[in-house]
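Presented below is the structure to which this report refers.
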(Lines give C-alpha, C1' and ligand atoms only; values in the text may rest on other atoms or scores of the structure.)
Protein backbone atom coordinates (compact mmCIF):
# COMPACT_ATOMS: atom_id res chain seq x y z
CA UNK A 1 0.00 0.00 0.00
CA UNK A 2 1.27 3.45 -0.88
CA UNK A 3 2.11 5.56 2.16
CA UNK A 4 0.11 8.67 2.87
CA UNK A 5 1.71 12.11 2.85
CA UNK A 6 2.34 14.09 6.02
CA UNK A 7 1.73 17.82 5.68
CA UNK A 8 3.26 20.22 8.17
CA UNK A 9 0.71 23.04 8.09
CA UNK A 10 1.32 26.48 9.58
CA UNK A 11 -2.01 28.01 10.61
CA UNK A 12 -0.76 31.48 11.50
CA UNK A 13 -0.27 33.29 14.82
CA UNK A 14 -3.79 32.97 16.21
CA UNK A 15 -6.10 35.23 14.22
CA UNK A 16 -8.35 32.80 12.24
CA UNK A 17 -8.20 35.22 9.30
CA UNK A 18 -4.46 34.75 8.89
CA UNK A 19 -4.50 31.14 7.74
CA UNK A 20 -3.41 30.81 4.10
CA UNK A 21 -5.56 29.60 1.21
CA UNK A 22 -3.14 26.74 0.57
CA UNK A 23 -3.38 25.62 4.19
CA UNK A 24 -7.18 25.54 4.04
CA UNK A 25 -7.03 23.55 0.79
CA UNK A 26 -4.81 20.87 2.35
CA UNK A 27 -6.90 20.72 5.52
CA UNK A 28 -9.98 19.92 3.45
CA UNK A 29 -8.16 17.02 1.77
CA UNK A 30 -6.44 15.10 4.58
CA UNK A 31 -8.01 12.22 6.51
CA UNK A 32 -6.54 13.01 9.94
CA UNK A 33 -5.39 16.15 11.75
CA UNK A 34 -2.67 15.96 14.43
CA UNK A 35 -2.17 18.82 16.87
CA UNK A 36 0.48 19.26 19.56
CA UNK A 37 -0.83 19.71 23.10
CA UNK A 38 0.57 19.75 26.60
CA UNK A 39 0.55 16.42 28.41
CA UNK A 40 -1.41 18.26 31.14
CA UNK A 41 -4.41 18.88 28.84
CA UNK A 42 -5.61 18.37 25.28
CA UNK A 43 -6.16 22.05 24.45
CA UNK A 44 -4.84 23.30 21.10
CA UNK A 45 -5.28 26.84 19.79
CA UNK A 46 -4.18 25.58 16.38
CA UNK A 47 -7.09 23.11 16.41
CA UNK A 48 -9.52 25.94 17.14
CA UNK A 49 -8.20 27.94 14.20
CA UNK A 50 -8.60 25.12 11.68
CA UNK A 51 -11.98 23.81 12.88
CA UNK A 52 -14.05 25.72 10.25
CA UNK A 53 -11.86 24.38 7.43
CA UNK A 54 -12.11 20.63 8.01
CA UNK A 55 -14.23 18.06 6.24
CA UNK A 56 -17.08 16.76 8.35
CA UNK A 57 -16.02 13.85 10.49
CA UNK A 58 -12.26 14.36 10.15
CA UNK A 59 -10.67 13.47 13.50
CA UNK A 60 -8.40 15.92 15.30
CA UNK A 61 -5.98 13.91 17.41
CA UNK A 62 -3.98 15.71 20.13
CA UNK A 63 -0.39 14.57 20.62
CA UNK A 64 0.89 15.14 24.13
CA UNK A 65 4.29 16.78 24.61
CA UNK A 66 5.74 17.50 28.07
CA UNK A 67 6.62 21.11 28.90
CA UNK A 68 10.19 20.34 29.91
CA UNK A 69 13.82 20.78 28.85
CA UNK A 70 14.66 17.22 29.84
CA UNK A 71 16.10 15.97 26.53
CA UNK A 72 15.45 12.31 27.36
CA UNK A 73 11.75 12.89 28.11
CA UNK A 74 11.39 15.02 25.01
CA UNK A 75 13.08 12.43 22.78
CA UNK A 76 10.74 9.76 24.14
CA UNK A 77 7.72 11.96 23.36
CA UNK A 78 8.93 12.68 19.82
CA UNK A 79 9.45 8.98 19.10
CA UNK A 80 6.10 7.96 20.61
CA UNK A 81 4.14 10.62 18.75
CA UNK A 82 6.09 9.99 15.56
CA UNK A 83 4.96 6.35 15.66
CA UNK A 84 1.34 7.44 16.15
CA UNK A 85 1.52 9.66 13.07
CA UNK A 86 3.23 6.96 11.00
CA UNK A 87 0.51 4.42 11.87
CA UNK A 88 -1.97 6.62 10.00
CA UNK A 89 0.37 7.27 7.06
CA UNK A 90 1.17 3.55 6.66
CA UNK A 91 -2.55 2.96 6.07
CA UNK A 92 -2.32 5.14 2.96
CA UNK A 93 -4.05 8.10 4.63
CA UNK A 94 -2.82 11.67 4.22
CA UNK A 95 -2.49 13.62 7.47
CA UNK A 96 -1.72 17.16 8.59
CA UNK A 97 0.29 18.18 11.63
CA UNK A 98 -0.98 21.68 12.43
CA UNK A 99 1.13 24.26 14.20
CA UNK A 100 0.83 27.91 15.17
CA UNK A 101 2.90 30.25 13.04
CA UNK A 102 5.21 28.42 10.65
CA UNK A 103 6.07 24.70 10.87
CA UNK A 104 9.82 25.34 10.66
CA UNK A 105 10.15 28.19 13.19
CA UNK A 106 10.18 27.20 16.88
CA UNK A 107 7.68 24.45 16.15
CA UNK A 108 7.15 20.97 17.57
CA UNK A 109 6.63 19.81 13.99
CA UNK A 110 10.35 20.06 13.26
CA UNK A 111 11.15 17.42 15.87
CA UNK A 112 8.41 15.10 14.60
CA UNK A 113 9.59 15.57 11.01
CA UNK A 114 13.19 14.66 11.84
CA UNK A 115 12.08 11.67 13.92
CA UNK A 116 9.97 10.30 11.07
CA UNK A 117 12.61 11.01 8.41
CA UNK A 118 15.23 9.16 10.45
CA UNK A 119 13.16 6.02 11.01
CA UNK A 120 10.80 6.04 8.01
CA UNK A 121 12.65 7.79 5.15
CA UNK A 122 10.07 6.54 2.65
CA UNK A 123 7.29 8.66 4.18
CA UNK A 124 6.64 11.76 1.99
CA UNK A 125 6.53 15.02 3.93
CA UNK A 126 5.46 18.42 2.60
CA UNK A 127 5.54 21.81 4.32
CA UNK A 128 2.84 24.49 4.08
CA UNK A 129 4.34 27.73 5.45
CA UNK A 130 2.39 29.97 7.76
CA UNK A 131 2.38 33.61 8.85
CA UNK A 132 4.60 34.00 11.91
CA UNK A 133 3.85 35.71 15.20
CA UNK A 134 6.51 38.37 14.65
CA UNK A 135 5.06 39.25 11.23
CA UNK A 136 1.57 39.62 12.68
CA UNK A 137 2.84 41.60 15.67
CA UNK A 138 4.85 43.98 13.50
CA UNK A 139 1.74 44.58 11.38
CA UNK A 140 -0.43 45.16 14.45
CA UNK A 141 2.06 47.64 15.90
CA UNK A 142 2.86 49.31 12.57
CA UNK A 143 6.55 48.58 13.16
CA UNK A 144 8.89 48.22 10.19
CA UNK A 145 11.20 45.27 10.80
CA UNK A 146 13.80 46.11 8.16
CA UNK A 147 14.27 48.42 5.19
CA UNK A 148 17.07 49.45 2.82
CA UNK A 149 20.33 47.89 4.11
CA UNK A 150 19.02 47.04 7.58
CA UNK A 151 19.14 43.55 9.06
CA UNK A 152 16.92 41.93 11.63
CA UNK A 153 17.10 38.80 13.75
CA UNK A 154 14.55 36.49 15.32
CA UNK A 155 15.73 35.08 18.64
CA UNK A 156 14.30 33.12 21.54
CA UNK A 157 13.87 34.70 24.95
CA UNK A 158 14.25 31.32 26.66
CA UNK A 159 17.86 32.17 27.58
CA UNK A 160 16.93 35.62 28.85
CA UNK A 161 18.76 38.89 28.36
CA UNK A 162 22.18 37.41 27.66
CA UNK A 163 21.15 36.19 24.21
CA UNK A 164 19.85 39.68 23.39
CA UNK A 165 23.19 41.22 24.39
CA UNK A 166 24.99 38.79 22.08
CA UNK A 167 23.10 39.84 18.94
CA UNK A 168 21.81 43.37 19.42
CA UNK A 169 25.04 45.10 18.36
CA UNK A 170 24.92 43.33 15.00
CA UNK A 171 21.26 43.97 14.10
CA UNK A 172 19.05 46.98 13.44
CA UNK A 173 15.95 45.18 14.71
CA UNK A 174 15.39 42.14 16.91
CA UNK A 175 12.17 40.16 17.33
CA UNK A 176 12.44 38.29 20.64
CA UNK A 177 9.96 35.44 21.04
CA UNK A 178 9.24 33.34 24.12
CA UNK A 179 9.63 36.25 26.57
CA UNK A 180 7.18 34.95 29.17
CA UNK A 181 9.43 33.05 31.59
CA UNK A 182 12.46 35.38 31.51
CA UNK A 183 10.50 38.65 31.23
CA UNK A 184 12.16 40.40 34.20
CA UNK A 185 15.65 39.46 33.05
CA UNK A 186 14.88 40.62 29.50
CA UNK A 187 13.53 43.94 30.81
CA UNK A 188 16.72 44.45 32.82
CA UNK A 189 18.79 43.85 29.68
CA UNK A 190 16.70 46.29 27.63
CA UNK A 191 17.15 48.97 30.30
CA UNK A 192 20.88 48.28 30.55
CA UNK A 193 21.24 48.60 26.77
CA UNK A 194 19.11 51.76 26.64
CA UNK A 195 16.55 50.08 24.39
CA UNK A 196 13.51 49.77 26.66
CA UNK A 197 11.78 53.00 25.64
CA UNK A 198 12.01 52.09 21.95
CA UNK A 199 10.75 48.52 22.34
CA UNK A 200 7.24 47.18 21.86
CA UNK A 201 5.64 44.33 23.78
CA UNK A 202 2.77 42.59 21.96
CA UNK A 203 0.64 39.95 23.67
CA UNK A 204 -2.11 37.70 22.26
CA UNK A 205 -1.84 39.29 18.82
CA UNK A 206 -5.08 38.93 16.86
CA UNK A 207 -6.88 37.27 19.79
CA UNK A 208 -9.19 38.47 22.54
CA UNK A 209 -7.15 40.41 25.07
CA UNK A 210 -4.58 41.69 22.57
CA UNK A 211 -2.18 44.21 24.13
CA UNK A 212 0.33 46.43 22.32
CA UNK A 213 2.60 48.26 24.75
CA UNK A 214 4.72 50.91 23.03
CA UNK A 215 7.77 51.82 25.10
CA UNK A 216 8.73 49.59 28.02
CA UNK A 217 9.38 51.54 31.19
CA UNK A 218 11.84 50.60 33.89
CA UNK A 219 10.06 48.53 36.53
CA UNK A 220 7.60 47.01 34.06
CA UNK A 221 8.13 43.55 35.50
CA UNK A 222 4.63 42.08 35.47
CA UNK A 223 4.88 38.81 33.51
CA UNK A 224 3.02 39.08 30.20
CA UNK A 225 0.73 36.33 28.86
CA UNK A 226 2.33 33.24 27.37
CA UNK A 227 1.74 34.39 23.77
CA UNK A 228 3.97 37.47 23.93
CA UNK A 229 7.00 38.86 22.12
CA UNK A 230 9.11 42.01 22.05
CA UNK A 231 10.12 44.02 18.98
CA UNK A 232 13.35 45.96 19.48
CA UNK A 233 14.22 48.53 16.80
CA UNK A 234 17.44 50.51 17.15
CA UNK A 235 17.06 52.77 14.12
CA UNK A 236 14.26 54.38 12.13
CA UNK A 237 10.77 54.93 13.56
CA UNK A 238 10.48 53.62 17.12
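Tabulated values for the structure
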{"item": "Any hit, segment 95-108, residues being in contact with a strand residue (DSSP E or B) (Cβ under 9 Å, 6 or more places away or on another chain), at pLDDT 95 or above and surrounded by fewer than 15 Cβ atoms within 10 Å (Cβ to Cβ)", "result": "no"}
{"item": "Enumeration of residues in segment 192-227 that are crowded, with 19+ Cβ neighbours inside 10 Å, touching a helix residue (DSSP H, G or I) at 6+ places or on another chain (Cβ under 8 Å) and not in a loop (DSSP other than H, G, I, E, B)", "result": "196, 199, 200, 202"}
{"item": "Unique residue being in a loop (DSSP other than H, G, I, E, B) and without any contact (Cβ under 8 Å) to a residue 40 or more places away in the chain when the list is 158, 153, 189, 139", "result": "158"}
{"item": "Test: residue 150 is surrounded by 14 or more Cβ atoms within 10 Å (Cβ to Cβ), within 25 Å of residue 37 (Cα to Cα) and over 20 Å from the mean Cα position of the chain (by Cα)", "result": "no"}
{"item": "Scope segment 3-22; condition closer than 25 Å to residue 122 by Cβ and not in a loop (DSSP other than H, G, I, E, B); matching residues", "result": "6, 7, 8, 9, 10, 22"}
{"item": "Hey, residue 91 at pLDDT below 90, under 25 Å from residue 22 (Cα atoms) and out of contact with any strand residue (DSSP E or B) (no Cβ under 7 Å at 6 or more places or on another chain) or not", "result": "no"}
{"item": "Matching residues in segment 169-182 - criterion: being surrounded by 21 or more Cβ atoms within 10 Å (Cβ to Cβ) and touching a strand residue (DSSP E or B) at 6+ places or on another chain (Cβ under 9 Å)", "result": "173, 174, 175, 176, 177, 179"}
{"item": "Residues of segment 114-136 satisfying the condition of being in a helix (DSSP H, G or I) and crowded, with 18+ Cβ neighbours inside 10 Å", "result": "115, 116, 133, 134, 135, 136"}
{"item": "Residues satisfying the stated conditions in segment 161-186, i.e. touching a helix residue (DSSP H, G or I) at 6+ places or on another chain (Cβ under 8 Å) and either in contact (Cβ under 8 Å) with a residue 40 or more places away in the chain or not assigned by TED's automatic domain parsing to the domain that holds residue 215 (or both)", "result": "164, 174, 175, 176, 177, 179, 186"}
{"item": "Sole exception among (1) over 21 Å from residue 210 (Cβ atoms); (2) under 20 Å from the mean Cα position of the chain (by Cα); (3) at pLDDT below 85 for residue 73, by number", "result": "(2)"}
{"item": "Flag for residue 84 being touching a residue at least 60 places away in the same chain (Cβ under 8 Å) and in contact with a strand residue (DSSP E or B) (Cβ under 8 Å, 6 or more places away or on another chain)", "result": "no"}
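Table: residues versus (1) at pLDDT 95 or above; (2) assigned to a loop (DSSP other than H, G, I, E, B); (3) in contact with a helix residue (DSSP H, G or I) (Cβ under 6 Å, 6 or more places away or on another chain); (4) in the same structural domain as residue 178 (by TED's automatic domain parsing).
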{"residue": "1", "(1), (2), (3), (4)": "no, yes, no, no"}
{"residue": "24", "(1), (2), (3), (4)": "yes, no, yes, no"}
{"residue": "33", "(1), (2), (3), (4)": "yes, no, no, no"}
{"residue": "42", "(1), (2), (3), (4)": "no, yes, no, no"}
{"residue": "48", "(1), (2), (3), (4)": "no, no, no, no"}
{"residue": "52", "(1), (2), (3), (4)": "no, no, no, no"}
{"residue": "55", "(1), (2), (3), (4)": "no, yes, no, no"}
{"residue": "58", "(1), (2), (3), (4)": "no, yes, no, no"}
{"residue": "62", "(1), (2), (3), (4)": "no, no, no, no"}
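The values are calculated or read from the model by the stated rules, or taken from the named source; none is laboratory data. None of these values were measured; they are calculated from a predicted model. When we count neighbours, we look across all protein chains shown, and the Cβ atoms used for this are built from the backbone with ideal geometry, even at glycine.
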